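The structure under discussion appears below in the form of C-alpha cells.
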Amino acid sequence: MSGGERGTDRALWLHLGVLAALLGYHFIAPAYHHTSMARIMVLAIYAMGYNIAFGYTGLLSLGHALFFGAGLYGAGLLAYHAGQGAAAGLVAGLAAGGLVAFAFGLFALRTAGVAFMIVTLMFAQAGYLAVLYFGAWTRGDEGIVIPAAGRMLGPLDLSHDATRYLVALALFGLALLANLWLVRSARGRVMVAMRENEARSRMLGYDPYAVKLGALTVSGLYSGLAGAAYALLFGYAGASLASVQYSILPLLYVLLGGAGTVLGPFLGALVMFYLIDIASGLTDAHQFVTGAALVLLVLFAPKGILGSLRERGARWLP
C-alpha cells in the first residue's frame, strides 16, 4: 500500500471515529451539553460550507449569512405559512441556499479580492434588510416560532432532545463524509489549485469562473441545509440569524479550526462555542476574552489548530 493510500485510509478512519465519538456522547452528555452539541454540529455544517468557498477555493466572503438565511427562511416560512413538515423544510432550505448562492455568484464572481469581499457584504446586508422589509411574512426581529407540525420528520419529533441530537448528528455525518469525498476528488484538487495559482490553473485549461461558481454553489447548499436544520431543530427563524454577524462566525470557526481542513470547521465551532460560553460565565467582557484568544491564535497558529498540526507532521490530514 502506498503512502497516499495509507493517508486516505487514516483520514477516513479519523472522521468515522469522530462520528462514533459523537454518537457515544449522545448517551452520556448532560442535558445542557447535549443541546449545545446539537447546535455546534449544525453550525459546523454551516462552517464546512464556508470552508469549501474560503479554505479550499480562496473566496473570502462576508455574504454567507445570505445563504444561511435563505435556508433558515426556506424551511421556516414553509412550516409557518404552509404547514409543511420537516422533510419538505430541509429540502426547501437546501434548494434555497444553493439557488441563492448560484445567482449571487453569477454577479459577485465578476469581482475579485477586496472588491469581492465588499460585494458579498452588500448582498448579505440587502438580504437582512429584505427580511425586515417583508416583516408581514418573516415577522422581522420578532422572528417565526416553528409550529409543532413543522418539526415532525415523518414519525420523529425534532423538539425532543434525543431526536434532535441524532438528526443533527445524521446531517453532520452526511455533510462531513460528502466534504471528505469532495476534497479528495479531482474537482476538489482543482479548487485547491485555483486557490494556490489561478493563472496556472487557467493555463491548464480550467475556467476559474466556472470552478468558483461551482464551489460557491456547493457552499450555498451546505449553508442552506444548516439554516434549515437550525430553524427546524431549534424551532425558530429570526432576522438576527441572517445578520452580518452570521457571515463572520463561520469565518472565525474556519480560521480557528484550520482553513482547508475537513474537520477544522467542527473543531473551530466547538472551541469557539465553549470559549464564549465559559468566558460569559466569568465576565461581562466575554467578547474581549474571545478576541484575545483569536489574536493569540493568529500570532502563534496562523493556520488554525488542524492546519498547524498538518504543517508540523500530520501531512495526511485532508
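The values are calculated or read from the model by the stated rules, or taken from the named source; none is laboratory data. All of these numbers come straight from a predicted model, not from anything done at the bench. Virtual Cβ from ideal backbone geometry, glycine too; neighbours counted across all protein chains shown. Only protein heavy atoms, including side chains, enter the accessible area calculation; ligands, DNA and RNA are left aside. Shrake-Rupley method; radii C 1.70, N 1.55, O 1.52, S 1.80 Å.
Against the test of being open to solvent by 50 Å² or more (accessible area, probe 1.4 Å), at pLDDT 95 or above and closer than 29 Å to Thr57 by Cβ, the options Leu169, Leu174 yield a single qualifying residue, Leu174.
Of all the numbered requirements in (1) on the phi > 0 side of the Ramachandran plot; (2) in contact (Cβ under 8 Å) with a residue 60 or more places away in the chain, Gly127 misses one, and that requirement is (1).
For the range 62-77, a residue qualifies if it is small (Gly, Ala, Ser) and either at pLDDT 95 or above or assigned to a helix (DSSP H, G or I) (or both), and the qualifying residues are Ala65, Gly69, Ala70, Gly71, Gly74, Ala75, Gly76. Pairing each residue of the range 187-209 that is without any contact (Cβ under 8 Å) to a residue 60 or more places away in the chain and farther than 18 Å from Gly113 by Cα with any residue that is among the polar types (S, T, N, Q) and in a helix (DSSP H, G or I), provided the two are 6+ apart or on different chains, yields C-beta distances under 9 Å for Val190/Ser201. The residues of the range 227-262 that are farther than 21 Å from Glu142 by Cα, open to solvent by less than 20 Å² (accessible area, probe 1.4 Å) and among the aliphatic types (A, V, I, L, M), listed by number, are Val254, Leu256, Val262.
Residues being touching a Ser or Thr at 6+ places or on another chain (Cβ under 7 Å), under 19 Å from Tyr165 (Cβ atoms) and in contact (Cβ under 8 Å) with a residue 24 or more places away in the chain are represented in the range 228-241 by at least one member.
Can you name the residue in the range 117-141 that is open to solvent by 70 Å² or more (accessible area, probe 1.4 Å) and in contact with a helix residue (DSSP H, G or I) (Cβ under 8 Å, 6 or more places away or on another chain) and is also farthest from Gly83 (Cα to Cα) among such residues? Only one residue tops the list, namely Phe123.
Would you check if Gly113 is open to solvent by less than 70 Å² (accessible area, probe 1.4 Å) and either of a type in the set (Ser, Thr, Tyr) or touching a residue at least 60 places away in the same chain (Cβ under 8 Å) (or both)?
no
Residues checked against (1) within 30 Å of Ala115 (Cβ to Cβ); (2) not small (Gly, Ala, Ser):
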position	(1), (2)
Leu14	no, yes
Ala44	yes, no
Leu62	yes, yes
Ala86	no, no
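When Gly24 is tested against (1) without any contact (Cβ under 8 Å) to a residue 24 or more places away in the chain; (2) under 14 Å from the mean Cα position of the chain (by Cα), just one condition goes unmet, and that condition is (2). Here Asp284 clears all of (1) at pLDDT 90 or above; (2) open to solvent by 50 Å² or more (accessible area, probe 1.4 Å); (3) not polar (S, T, N, Q) except the condition numbered (1). Among the residues of the range 84-110, write down those that are open to solvent by 50 Å² or more (accessible area, probe 1.4 Å) and small (Gly, Ala, Ser). Result: Ala87, single match. Apart from one condition, Gly150 fits all of (1) surrounded by 18 or more Cβ atoms within 10 Å (Cβ to Cβ); (2) under 22 Å from the mean Cα position of the chain (by Cα); the exception is (2).
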